[in-house]
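Here is the structure we will look at, set down as structure tokens.
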Amino acid sequence: MGKRKSSKKPVAKKKACAVSAGTYSFWSLFWNLWGLTHTFAVQNEPLPTVFTCLFCNHEKSIVVKLDKKAGVGHLECKVCGQNFQCGINYLSAAVDVYSEWVDAADAVAQESASQAAPSRLSSGRAGAASRRINEEEDEMGYEGEGIVADDDYE
């Protein structure tokens, strides 16, 4: 049996412990004296399931229900009764259904705005046709002081 190359033993890893944030100063000194490190448990806030309605602007009136087995997300307003359904997957949350509803509402608004723009132009053209000068008035020519008649001009 041979001799070990190094007589030093490997340094052990420091242990971690959970300490609340309010008692940081006391516990940090205590754990540092004992050679321990402290970690803080971060709790994520849950994602919201109630939202503001786009149509009636009532806060917390939109309720989102997820049926993951059927793969359907259902959104409904308690005040105005607005409904929306969309397909979901196992990663989807209530926020995803709400954001799809917002996107769908924006798409419908843009589509209706683009359809309304050509109808305004066509109504403007019809108004221009009704404002045409009567041909009889044109045959009479121009009259009045300082206006030379068409026959005398040549």
Open item on the list: Could you check the stretch 78-110 and list, in sequence order, the residues that are over 15 Å from PRO48 (Cα atoms) and β-branched (Val, Ile, Thr)?
Closed with: VAL79, ILE88, VAL102, VAL108
TODO: Just need a number here: residues in the stretch 81-95 that are among the hydrophobic types (A, V, I, L, M, F, W, C) and exposed (fewer than 14 other Cβ atoms within 10 Å of the Cβ).
DONE: 2
Task: Enumeration of residues in the stretch 54-80 that are surrounded by 16 or more Cβ atoms within 10 Å (Cβ to Cβ) and touching a Cys at 6+ places or on another chain (Cβ under 7 Å) - done: SER61, ILE62, GLY73, CYS77
TODO: Please give the helices (runs of 4 or more DSSP H) falling wholly within the stretch 70-154 in which 2 or more residues are modelled with pLDDT of 90 or more and in contact with a strand residue (DSSP E or B) (Cβ under 8 Å, 6 or more places away or on another chain).
DONE: 94-130
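The values are calculated or read from the model by the stated rules, or taken from the named source; none is laboratory data. Computed from a predicted model, the values in this text were never measured in an experiment. Counting neighbours? That spans all protein chains shown, and the Cβs are built from the backbone with ideal geometry, glycine included.
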